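Participant: Next up is a structure, given as structure tokens.
The values are calculated or read from the model by the stated rules, or taken from the named source; none is laboratory data. As the structure is a computational prediction, the values presented were derived from the model and not from experiment. Note: ideal-geometry Cβ built from the backbone for every residue, glycine included; neighbour counts use all protein chains shown. Only protein heavy atoms, including side chains, enter the accessible area calculation; ligands, DNA and RNA are left aside. Shrake-Rupley method; radii C 1.70, N 1.55, O 1.52, S 1.80 Å.
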Amino acid sequence: MRQSKVQTRQVHTRLSTQLNARQGTPLDTRLGRAAVQIFAANERMNQVLIEHLDPAAWRAKPPGKARTIVAIFTHMHNVRTKWVRLTAPHLKVPRQLDRAHCTPKQARSGLAESAARCGEMLAEALGGGGGRVERFLRDGWGRPWPVGVEMLCYMISHEAHHRGQVCMLAHQMGFPLPIDVTSGLWNWEKLWKTCGWPGGPGE
């Protein structure tokens, strides 16, 4: 577990560096910077859940027709790659993850990469600097949205929904997450600092 924590910290240091590198550019308005920080905090929640999951829960068969936990996390990453491919094709689109073979370590690394691309996409869309992102395509079947805070809300809502599924399934299958982990998802001040920003939300 100690090695896992070190690896996760390294992944987040890399992500924080990538996102902080965008500060000081013409795109660095308050809204754009806040969007990048919010999505990075959102990603930190994903990393915390994977890090603290019982390894036996990763591929355990849930009741009914629910997805496995590995399928949920690979889905989250793969949907992000679709958002980037459709909305900001000029950015490097991360490779998709295969739920049949994906390990927790691979999921953490893949999610960190796709979070960085989403952060770049949000900075261009909401930074007010005339970037190339002018509309948000969440899927091929949906009509495009003009970029705005609705885009960020949709992205966060999608991931929060699936994090709730993960917590519920882990509990149902006999692998409940520690209370300090689930309650820690609400400690945004700590999430902010873990992502590399000394201030809290809104500062």
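Participant: Could you pull out the residue among 56, 60 that is in a loop (DSSP other than H, G, I, E, B) and of a type in the set (A, V, I, L, M, F, W, C)?
Facilitator: Values: 56 fails: in a loop (DSSP other than H, G, I, E, B).
Criteria check complete, one pass: 60.
Participant: For segment 145-177, how many residues are assigned to a loop (DSSP other than H, G, I, E, B) and at pLDDT 95 or above?
Facilitator: 5
Participant: Could you list all residues from segment 69-86 that are of a type in the set (Val, Ile, Thr) and in contact (Cβ under 8 Å) with a residue 60 or more places away in the chain? Walk me through how you get there before you give the answer.
Facilitator: Applying the first criterion (of a type in the set (Val, Ile, Thr)) to segment 69-86 yields 69-70, 72, 74, 79, 81, 84.
69, 72, 79 - these are the residues of segment 69-86 that are of a type in the set (Val, Ile, Thr) and in contact (Cβ under 8 Å) with a residue 60 or more places away in the chain.
Participant: Hey, can you tell me all the residues within segment 178-200 that are assigned to a loop (DSSP other than H, G, I, E, B), farther than 16 Å from residue 51 by Cβ and open to solvent by 60 Å² or more (accessible area, probe 1.4 Å)? Give the steps one after another, and end with the answer.
Facilitator: If we filter segment 178-200 for residues that are assigned to a loop (DSSP other than H, G, I, E, B), which is where we start, we get 178, 185-187, 195-200.
Next, from what is left, pick out any that are farther than 16 Å from residue 51 by Cβ: 186, 196-200.
Of everything in segment 178-200, those that are assigned to a loop (DSSP other than H, G, I, E, B), farther than 16 Å from residue 51 by Cβ and open to solvent by 60 Å² or more (accessible area, probe 1.4 Å) turn out to be 186, 198.
Participant: Scanning segment 64-105 for residues that are open to solvent by 60 Å² or more (accessible area, probe 1.4 Å) and part of a helix (DSSP H, G or I), which turns out farthest from residue 134 (Cα to Cα)?
Facilitator: 105
Participant: Against the definition (out of contact with any Cys (no Cβ under 9 Å at 6 or more places or on another chain), of a type outside the set (Asp, Glu) and within 18 Å of residue 43 (Cβ to Cβ)), how does residue 145 come out, yes or no?
Facilitator: Values: out of contact with any Cys (no Cβ under 9 Å at 6 or more places or on another chain): yes; of a type outside the set (Asp, Glu): yes; within 18 Å of residue 43 (Cβ to Cβ): no.
Criteria not met by residue 145.
Participant: I'm trying to understand the selection: among the residues of segment 69-83, which are touching a Lys or Arg at 6+ places or on another chain (Cβ under 6 Å) and of a type in the set (Ser, Thr, Tyr)? Steps first, answer last, please.
Facilitator: Filtering segment 69-83 down to residues touching a Lys or Arg at 6+ places or on another chain (Cβ under 6 Å) leaves 70-71, 74.
Across segment 69-83, the qualifying residue is only 74.
Participant: Right, something else. So which residues in segment 148-199 are over 19 Å from the mean Cα position of the chain (by Cα) and within 19 Å of residue 40 (Cβ to Cβ), if there are any at all?
Facilitator: Listed by number, the residues that qualify are 198, 199.
Participant: Continuing with the same structure: Name the single residue that is most open to solvent (accessible area, probe 1.4 Å) among those in segment 130-159 being of a type in the set (A, V, I, L, M) and in contact with a Leu (Cβ under 9 Å, 6 or more places away or on another chain). Break it down stepwise before answering.
Facilitator: Going residue by residue through segment 130-159, those that are of a type in the set (A, V, I, L, M) are 133, 137, 147, 149, 151-152, 155-156.
Keeping just the survivors that are in contact with a Leu (Cβ under 9 Å, 6 or more places away or on another chain) gives 133, 137, 147, 149, 151-152, 155.
Values: 133: 6, 137: 30, 147: 46, 149: 70, 151: 1, 152: 18, 155: 0 Å².
My answer is 149.
Participant: Mind checking which pairs have a first residue in segment 34-49 that is under 15 Å from residue 80 (Cα atoms) and a second that is charged (D, E, K, R) and open to solvent by less than 10 Å² (accessible area, probe 1.4 Å), Cβ under 8 Å, 6 or more apart or different chains?
Facilitator: 42/159; 46/159
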